[in-house]
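I have placed the structure first, in the form of structure tokens, so that the comments after it can refer back to it.
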Amino acid sequence: MNASVVSALAALVGAAIGGLTSVLASWLTQRTQVRAEWLAHDLTWRQELYKAFIEEATNCYVHALQHTEPDLAALGDLYAKISRMRVQSSHEVVAEADMIGRKIVDTYLAQDKTFIQIREMLADGSIDILGKFGDVCRAEIKSLRAQQF
């Protein structure tokens, strides 16, 4: 084989390898950026949903403590948020949210609480039906952040 053919062939192969390396590096960079953006969006979406659920559950629970007649519209909104969680959240988060919904419905079935009874519930911690939900959500969000980096 002629030396000029070998050197020309080596130059072409080198250029091809360099070009493929550049394309592959660009593809990997783009893929990593898209994945990071998707995870950040997913994290924000979950945080907003959990925040709205906590606010809605708190309002429903306070209403349930004071009334035996349920606020069906508010309960519908609460269960709609639980259903949205079923789409993307972990099983633990959904199970805890469902438990909160059941506790609220059960509270409607109990007698109305007086202010003194509510104060006693505050003192013994039994009024906090959202504590475990917050812990489970925090663990899920922490694991999602770990996937980002």
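Quick notes
- Filtered by the rule that a residue be more than 34 Å from the chain's Cα centre (by Cα), under 30 Å from Ala146 (Cα atoms) and of a type in the set (A, V, I, L, M), the range 1-37 gives a lone residue, Val23.
- Helices (runs of 4 or more DSSP H) completely within the range 72-149 that count 1 or more residues being free of Cβ contacts under 8 Å to residues at least 40 places away in the same chain, touching a helix residue (DSSP H, G or I) at 6+ places or on another chain (Cβ under 8 Å) and among the charged types (D, E, K, R): 72-88, 91-109, 131-148
- Inspection of the range 105-124 finds no residue satisfying the criterion of being under 25 Å from the mean Cα position of the chain (by Cα), under 18 Å from Tyr50 (Cβ atoms) and either surrounded by 15 or more Cβ atoms within 10 Å (Cβ to Cβ) or modelled with pLDDT of 90 or more (or both).
The values are calculated or read from the model by the stated rules, or taken from the named source; none is laboratory data. Since the model is a prediction, treat every value here as computed from it, not as a measurement. Cβ sites come from the backbone with ideal geometry, for glycine too, and all protein chains shown count toward neighbours.
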